[in-house]
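These notes are about the structure you will find just below.
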Amino acid sequence: MIENSTPETPASASSDNAPTAFTPLLTTRNWNGEWKELQKARRRADDSSYWDKRASTFTSKDSPTPYVQRFLDLAGIRPGETVFDMGCGTGALSLPLGKRGHKVVAADFSQGMLERMGEALARNGVTGVEPVRMSWEDDWAAHGVEPGSADVCVASRSIATADLEDSLMRLDAVARRRVCITLPTGSSPRIDERILSAIGLQRSLGRDYLYAFMILANRGIRPEVAYITSARTDTYDSFDEAYQELARMVDSASGTMVPEAEREAALGRLRTWLDDNLTENPDAGKADQDDQPQKRLRLREPRVVTWAFIAWDK
């Protein structure tokens, strides 16, 4: 009898075990869609009336802070270039830029913030800064901010929008040469991530700047990234004040992402953490980073806020 010489097909090579197509999430994921869902899960963003009230607690420093100086160094704005400053606040960038002779359109949705900036501009004799009351969602062209109307667009610590891609592309459309922004490397400069980690809320940690980077990269833009760090010393009059303020921070960070039982357990651990980390403040009464008098108690270690500076050329 003649044996069949046809080799058997190994099971591992059967069509049932053929490898499936690989889809890289990095380049195919809808990062702006995920950003929108993240904003829904977070605490609602503050409106203009909130910032109008906060404006009275903000200072308009006549000399740039280390953060502002670092931002301007990285921005590389050339002599004579025009600038659009979106979310200008009290003029942290617009004031020094105006002093350098740049023509600046400075926009913010808070009238209170614009008034504080106006006081600083008048005090320093700066006339080249034009304030505009305008939000990220408004019709910018209706407010005179047209596509290609500025050499450089800046948005410093001001992008807290539901549609991140729209905000980025609005800046991109207005800029003729360069766009410079900062976003937190965490979820918010108000969030102390070391506390969230210590009380078991790691899932609430954010990486906001990565969304901007991926949105830009997937549009074919090659953003440059640097980092700006600043330390903040938070002070309190009492243990209860510290607990209540940090509990609000926990609620803000948790949003709808953390079940109620888990949040309550974390708040219990927060009291223990404060027992170990709240201490007398030897600088009580002295001015803090916002020129406000420091209170009796402070956290043992300053809170370090790290901002991602993201820029791209046109």
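Rule-based calculations on the coordinates, nothing more; no lab input. For clarity, every value in this text was computed on a predicted model and none was experimentally measured. Cβ atoms come from the backbone with ideal geometry, glycine included; neighbour counts cover every protein chain shown.
Once the Cα atoms are used to define both axes, helix 208-217 deviates from the longest principal axis of the chain by about 60 degrees. Taking the longest Cα principal axis of the chain as reference, the axis of helix 31-41 is set at about 60 degrees.
What ranking of His102, His143 emerges when the number of other C-beta atoms within 10 Å of each C-beta is taken as an exposure proxy, fewest first?
Numbers: His102 23, His143 14.
In order of increasing Cβ crowding within 10 Å: His143, His102.
If I take every Cα pair under 8 Å that is 6 or more residues apart in the stretch 173-229, average their sequence separation and divide by the length, what percent do I get for the relative contact order? Could the numbers behind the result be given before it?
Working: 30 pairs, mean separation 17.9, N = 57.
Worked out over the stretch 173-229, it gives 31 percent.
Karplus-derived 3J(HN,Hα) values for the stretch 80-97, using 6.51 cos²θ - 1.76 cosθ + 1.60 with θ = phi - 60°, are x, 6, 8, 9, 10, 10, 8, x, 5, x, 8, x, 4, 9, 4, 5, x, 5 Hz; glycine and proline are entered as x. With the cut-off at 1.5 for a/c, could you classify the chain from its C-alpha gyration tensor as rounded, prolate or oblate? It comes out oblate by the Cα gyration axes. The angle separating the long axis of helix 66-75 from the principal Cα axis of greatest extent in the chain is about 60 degrees. Working from Cα pairs under 8 Å separated by at least six residues, relative contact order for the chain is 19 percent. Restricting attention to the chain, lysine pairs at least eight places apart or on different chains and with alpha-carbon atoms under 30 angstrom apart total 16.
Highest mobility in the GNM of the chain, judged by mean-square fluctuation with C-alpha springs under 10 Å and restricted to Pro66, Pro96, Pro24, is found for Pro24.
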